[in-house]
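Structure, as structure tokens:
The values are calculated or read from the model by the stated rules, or taken from the named source; none is laboratory data. Please read these numbers as outputs of a predicted model, since none were measured by experiment. All Cβ positions, even for glycine, are placed from backbone atoms using ideal geometry, and neighbour counts span all protein chains on display.
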Amino acid sequence: MANLSRRAFAGILPLGVVGGGLLPLLAPGDAVAAPVAGPVTPLAQIKIGRFTVTALTDGYADMPYTFFPGRSAAQVEQAAVAQKIARPSGVRFVFNQYLIEDGERRILIDTGPAGSIGKTGALPQALAALGVSPDQIDAIIVTHMHQDHMGGLIAGGQTVFPKAELYIDRRDVTHWTDPAKRSTAPDYLQTSFRMATDVVRLYPRLQATDGAREIARGISIVDLTGHTPGHIGVRIADAGQSLIMVSDTVFPVVHPAATDVTFLFEQDRAAAKAMRDRFFASAAAEGILIAATHMPFPGLGRIVSDRGELRWQVADWALQD
Ligand SMILES: [Zn+2]
């Protein structure tokens with residue numbers, strides 16, 4: 001089992017994940033809480049062996065019920081109603097990011113839409129609440145080149161994380177910087193194509209990776225091609241504990257109950273279905289702890305088989321011994 005460290009817990013208590021409203025934020029080591037204006041920035045931490053993994057969130061956006069090919073809008077809304085999470089504006093997607101620390105390096109997974117969709121742009125505040133400045137991020141793994149995963153890399157035409165190496169799968173780098181692909185892509189993907197070109201230009205320390213690969217001891221890229229050509233996950237493993245960050249393999253409301261329902265942004269629906277057919281079955285068999293970008297914060301859970309149906313079981317991440 002993954003344990004929440006007591007030290008980590010002491011650090012997150014003031015950050016408002018257990019209560020609503022405006023709470024004072026504590027930077028690690030601060031003796032006095034400094035009130036911060038604006039919405040609460042939630043942080044949640046979990047220990048995986050020697051790693052501390054902190055869930056951060058850039059914000060949220062509601063995806064219309066019409067955005068889920070394979071099901072009618074009425075069917076998706078009905079599923080949301082049954083799960084007691086229906087909203088007039090659609091399915092609420094959170095944008096979670098994950099910071100991995102081992103005492104030496106800080107590796108961030110994804111950077112959120114940064115205001116390009118919905119109510120987002122909170123990641124810098126979340127990092128600041130943790131006492132981490134952008135130039136302290138050593139590496140960033142971008143799980144795929146959709147705007148809601150890489151938007152925070154750039155602000156005002158400038159690099160946000162000047163010292164970070166970037167890891168992005170080569171298939172996504174190739175796809176999202178291809179002018180021919182861009183010219184035939186629908187409007188709602190144009191922002192991602194534009195951002196991808198900017199990211200490649202502004203991050204000379206980009207390493208295009210080829211499928212599965214260990215990028216640091218205990219941190220491995222997992223090939224989850226399907227959502228995009230180079231969609232990847234990240235497996236964090238140490239001392240018999242592990243966590244797999246699966247990015248957009250699991251969406252709220254519709255997954256993991258079915259694999260034949262996809263998302264509007266998935267251009268190759270057969271590949272997206274194949275990805276989920278493979279992953280959901282193996283994740284349920286293994287019972288592995290999962291972090292998923294768009295599941296309710298902190299996005300930690302497991303896929304469990306319940307009377308022949310697969311469902312999402314929120315992980316008991318807090319207050320563990
Ligand atoms: Zn996404």
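Can you find even one residue in the stretch 177-187 that is within 21 Å of Ala164 (Cα to Cα) and touching a residue at least 24 places away in the same chain (Cβ under 8 Å)?
no
Just name the residue that is surrounded by the fewest Cβ atoms within 10 Å (Cβ to Cβ) out of those in the stretch 233-259 that are away from the ligand (no atom under 16 Å from the Cβ) and small (Gly, Ala, Ser).
The qualifying residue surrounded by the fewest Cβ atoms within 10 Å (Cβ to Cβ) is Gly240.
Quick check: anything in the stretch 46-53 more than 24 Å from Ile141 (Cβ to Cβ) and at pLDDT 95 or above?
The answer is no, given that none of the residues of the stretch 46-53 is more than 24 Å from Ile141 (Cβ to Cβ) and at pLDDT 95 or above.
What are the residues in the stretch 160-173 that are touching a Lys or Arg at 6+ places or on another chain (Cβ under 9 Å), of a type outside the set (A, V, I, L, M) and in contact (Cβ under 8 Å) with a residue 40 or more places away in the chain, if any?
The answer is Glu165, Tyr167.
Within the stretch 264-286, can you find the residues that are within 16 Å of the ligand (Cβ to nearest atom) and either closer than 11 Å to Asp248 by Cβ or of a type in the set (Phe, Trp, Tyr) (or both)?
If the condition is that a residue be within 16 Å of the ligand (Cβ to nearest atom) and either closer than 11 Å to Asp248 by Cβ or of a type in the set (Phe, Trp, Tyr) (or both), then Phe265, Glu266, Ala272, Met275, Arg276, Phe279 are the ones that fit.
Does the stretch 190-211 contain at least one residue that is over 16 Å from Val142 (Cβ atoms), surrounded by fewer than 17 Cβ atoms within 10 Å (Cβ to Cβ) and without any contact (Cβ under 8 Å) to a residue 60 or more places away in the chain?
Yes.
If a residue must be away from the ligand (no atom under 15 Å from the Cβ) and under 15 Å from Ile117 (Cβ atoms), how many such residues does the stretch 182-192 contain?
2
Out of the strands (runs of 3 or more DSSP E) lying entirely within the stretch 210-321, which hold 2 or more residues that are in contact with a Leu (Cβ under 9 Å, 6 or more places away or on another chain) and either farther than 21 Å from Arg92 by Cα or at pLDDT 95 or above (or both)?
Strands (runs of 3 or more DSSP E) meeting the threshold: 232-238, 241-247, 290-292, 300-306.
Considering only residues of the stretch 208-248 that are of a type in the set (A, V, I, L, M) and in contact with a helix residue (DSSP H, G or I) (Cβ under 6 Å, 6 or more places away or on another chain), which is nearest to Thr259 (Cα to Cα)?
If we take residues in the stretch 208-248 being of a type in the set (A, V, I, L, M) and in contact with a helix residue (DSSP H, G or I) (Cβ under 6 Å, 6 or more places away or on another chain), then Leu224 is nearest to Thr259 (Cα to Cα).
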